[in-house]
Protein chains: 2
Amino acid sequence: MVGSDTAGGRATIYDIAKLAGVNPSTVSRALGHQPGVSVETRKLVEDAAAQLSFRVSPLARALPTGRTGTVGLIVADITNPSYFDMIRGAQSAAAARGLTLVLAESSESGSTESVVAQRIQPSTDGIILASPRMSDPEIRELNKAKPVVVINRSVEGIESVVPDIEPGIRDAVRHLAANGHTRFAFLAGPGQSWISARRWDSFREACEWAGRTAQPIPTLAPTLEGGRRAAGEVLASRATAALCYNDLLAIGLMRELQAAGVKVPDEFSVVGFDNIFGSDFTTPTLTSIASPFKECGATALQRLLASRQGTEGSPHGVRSTPLRVSPMRTTLIVRGSSGRLLAPST
Amino acid sequence: MVGSDTAGGRATIYDIAKLAGVNPSTVSRALGHQPGVSVETRKLVEDAAAQLSFRVSPLARALPTGRTGTVGLIVADITNPSYFDMIRGAQSAAAARGLTLVLAESSESGSTESVVAQRIQPSTDGIILASPRMSDPEIRELNKAKPVVVINRSVEGIESVVPDIEPGIRDAVRHLAANGHTRFAFLAGPGQSWISARRWDSFREACEWAGRTAQPIPTLAPTLEGGRRAAGEVLASRATAALCYNDLLAIGLMRELQAAGVKVPDEFSVVGFDNIFGSDFTTPTLTSIASPFKECGATALQRLLASRQGTEGSPHGVRSTPLRVSPMRTTLIVRGSSGRLLAPST
DNA sequence: CTGAAAGCGCTTACAG
DNA sequence: CTGAAAGCGCTTACAG
């Protein structure tokens, strides 16, 4: 509070240079913690900077260097609770490195996503796409200009962070099998969903391995309502347990079953996916397979920074195999909606 | 796909100028949709731009103009569901105007908030603070450099967007009174919370007006656990209905009451606040007072842009009274957790 | 270790 | 209507 501010306009390195009696380039070096500045000069500059409460302009810095100090994150739907932890993971990893996170939304549309990505790309050092709706070629095209990392999808030639769903699904099947269930249903996600296909594949395998049968059941939408509507077909399938593509489907299914007089979990077990916010609000609380979304977000950011260093100029992060980072395993969270089968449903 | 790209480096207006055979300044004007460019020239420039798949650099544009095309939004906690709609409202309002939204988090800390705000301010056209933790003077200081709008708080001299809680609270009191309740409890939020104090004030007034008694009950934290812990005191107060500072408290309270054998809503009615995601996952579903958070986010953005225009140079958006935008009323969402009192709790 | 100069990609008075 | 020039606030070779 010693005089400070030029009321309104921010101080520039020129103001500091004048006050400290040095050249602007020296100010730049001193403040950039570059080597080759004498201790006295650095002190002089820092004092002047503090006195003028100087704050570097990230924009002005970005222009000559190309380093914006900003990374973009594009999600399909900001209010989808599955993304919360991902956003948070990326956001805090960014903040920890003094980077700024730009959050954008594609509204579940591939074309919007593409437009948004192109718009924010110039002012970022790279972009993270969470469960992208864009086509593989579009993503690769984007990756030519600046590094791209995708979460929850595998794209040839692009850095990819995908949680390993197998452990969680295997544990779920074991858990259900151990509790007397033999016929399983899978409430599927959207038909084109890469993730839904992966989850079903993995579930089917795990069931086969356990000597159980699994039947896929389509849904109208991955929502509460979609889960409700599927309840009839689930019962008709004579399954006594269902794994659902996501928690909303699971909750919808559970409520409709209960409304139809089916006791959960005594007569039917329900397992969701993603362990979203609120999955413990239900009665009974929902058993769910949790993905390490927060870690996915943080890891994606880390990979982005890594590939930012490596290949400059040429396409970034070139590698043919998607990454499957070992600590990012899914986990089964057993709660109240799954358990021993008491009365066979026939 | 006609030749395009200089493989790697983006095209600049100089490339366009060369290709179109005009001066870069003309390119700038043509692409900026400025008046005073002949139709032919404009066409020429646009074709060249398309051919080079030109995309203007927002950074380079921001430097001479000061217009960054970016607005900042700082929330205390990204994963707090109360903010989801606010974020979404601001995000879509920004996107609709071709603006980019930078999302940052303060981790509930006033000092972090201040640091973050200062860091992102230079690369924004202004900042929205949602339920800020900073002090009033700090916020005013920030507002000197670029416009600031606060949501959910009133700060002298700062544009402020606060939902009108009165309608929702009044309706809740009426609803409960009409259902035979006479003694009410209020589960309070954090002691320093501006919002909690407002909600309690309004609730007390509404109760007085309806000739009912209201008793405030402190909580340890605005969480499920905080709600659970308060259940004993609520019962001891001999209230038969509670309004809670937020939905998490309400859900925690409801579950603990149910665990203690109290029937909801037959013996006790619970009303939450904010109508968060998942408040309809509970059994019974939660009655809650919904705030128009999405509109708050959108309105805040709108105000920010408005004050960006007005007073340039001098402190922005100077007005002594906080805004209370009329359409932003709270609404009571009646669900299953509130209703007619059947068996008085004594 | 420090200074003087050029340049990042735009915009915008100022001339013509 | 169009061009030439200066400048936004930095960084970074290039000299010394």
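The values are calculated or read from the model by the stated rules, or taken from the named source; none is laboratory data. Fair warning: this is a prediction, and the values are worked out from it, not measured in the lab. In this analysis, Cβ positions are derived from the backbone assuming ideal geometry, glycine residues included, and neighbour counts consider all displayed protein chains. For the accessible areas, the whole protein counts, side chains as well, though only heavy atoms, and no ligand, DNA or RNA atoms are used. Shrake-Rupley method; radii C 1.70, N 1.55, O 1.52, S 1.80 Å.
Is there a residue in the stretch A:17-38 that is touching a Lys or Arg at 6+ places or on another chain (Cβ under 8 Å) and in contact (Cβ under 8 Å) with a residue 40 or more places away in the chain?
No, there is no match, as no residue in the stretch A:17-38 is touching a Lys or Arg at 6+ places or on another chain (Cβ under 8 Å) and in contact (Cβ under 8 Å) with a residue 40 or more places away in the chain.
For B:L248, state whether it is closer than 16 Å to B:R170 by Cβ and either among the hydrophobic types (A, V, I, L, M, F, W, C) or not in a loop (DSSP other than H, G, I, E, B) (or both).
Against the criterion (closer than 16 Å to B:R170 by Cβ and either among the hydrophobic types (A, V, I, L, M, F, W, C) or not in a loop (DSSP other than H, G, I, E, B) (or both)), B:L248 does not qualify.
Here is a check on your reading of the model: is A:A17 touching a Pro at 6+ places or on another chain (Cβ under 6 Å), open to solvent by less than 10 Å² (accessible area, probe 1.4 Å) and either closer than 28 Å to B:S106 by Cα or assigned to a helix (DSSP H, G or I) (or both)?
Answer is yes for this residue.
Exactly one condition in (1) without any contact (Cβ under 8 Å) to a residue 24 or more places away in the chain; (2) farther than 16 Å from B:V102 by Cα; (3) aliphatic (A, V, I, L, M) is not met by A:I169; state its number.
Failing condition for A:I169: (1).
Could you list, in sequence order, the residues of the stretch B:9-24 that are within 13 Å of DNA strand D (Cβ to nearest atom) and within 14 Å of chain A (Cβ to nearest Cβ)?
B:T12, B:I13
Consider B:T79 carefully, then state whether it is within 10 Å of chain A (Cβ to nearest Cβ) and in contact (Cβ under 8 Å) with a residue 40 or more places away in the chain.
No; evaluated as a whole, the condition is false for this residue.
Within the stretch A:82-123, track down each residue that is open to solvent by less than 40 Å² (accessible area, probe 1.4 Å), of a type in the set (D, E) and facing chain B (nearest Cβ under 10 Å).
Matches in the stretch A:82-123: A:E105 only.
Those residues that are within 20 Å of A:A230 (Cβ to Cβ) and in contact (Cβ under 8 Å) with a residue 12 or more places away in the chain, I need them from the stretch A:183-197; list them, please.
Within the stretch A:183-197, A:R183, A:F184, A:A185, A:F186, A:L187, A:A188, A:G189, A:P190, A:G191, A:S193, A:I195, A:S196 meet the criteria.
Restricting the stretch A:32-50 to residues that are of a type in the set (A, V, I, L, M) and within 12 Å of DNA strand C (Cβ to nearest atom), which is most open to solvent (accessible area, probe 1.4 Å)?
So, considering only residues that are of a type in the set (A, V, I, L, M) and within 12 Å of DNA strand C (Cβ to nearest atom), the one most open to solvent (accessible area, probe 1.4 Å) is A:V39.
Here are B:S53, B:S28: which of them is within 11 Å of DNA strand D (Cβ to nearest atom), open to solvent by 40 Å² or more (accessible area, probe 1.4 Å) and closer than 26 Å to A:D125 by Cβ?
Selected residue: B:S28, the only one of B:S53, B:S28 that is within 11 Å of DNA strand D (Cβ to nearest atom), open to solvent by 40 Å² or more (accessible area, probe 1.4 Å) and closer than 26 Å to A:D125 by Cβ.
Go through A:L63, A:L73 for me and flag whichever is within 12 Å of chain B (Cβ to nearest Cβ) and touching a Ser or Thr at 6+ places or on another chain (Cβ under 9 Å).
A:L63
Hey, can you tell me all the residues within the stretch A:257-286 that are more than 14 Å from every other protein chain (Cβ to nearest Cβ) and open to solvent by less than 20 Å² (accessible area, probe 1.4 Å)?
A:F268, A:S269, A:V271, A:F273
Looking at the structure I just gave you, is A:I78 touching a strand residue (DSSP E or B) at 6+ places or on another chain (Cβ under 7 Å), assigned to a loop (DSSP other than H, G, I, E, B) and either under 30 Å from A:S193 (Cβ atoms) or of a type in the set (S, T, N, Q) (or both)?
yes
For the stretch A:81-91, state whether one or more residues are among the β-branched types (V, I, T) and either closer than 26 Å to A:G278 by Cβ or in contact with a Cys (Cβ under 7 Å, 6 or more places away or on another chain) (or both).
Yes: the stretch A:81-91 contains one or more residues that are among the β-branched types (V, I, T) and either closer than 26 Å to A:G278 by Cβ or in contact with a Cys (Cβ under 7 Å, 6 or more places away or on another chain) (or both).
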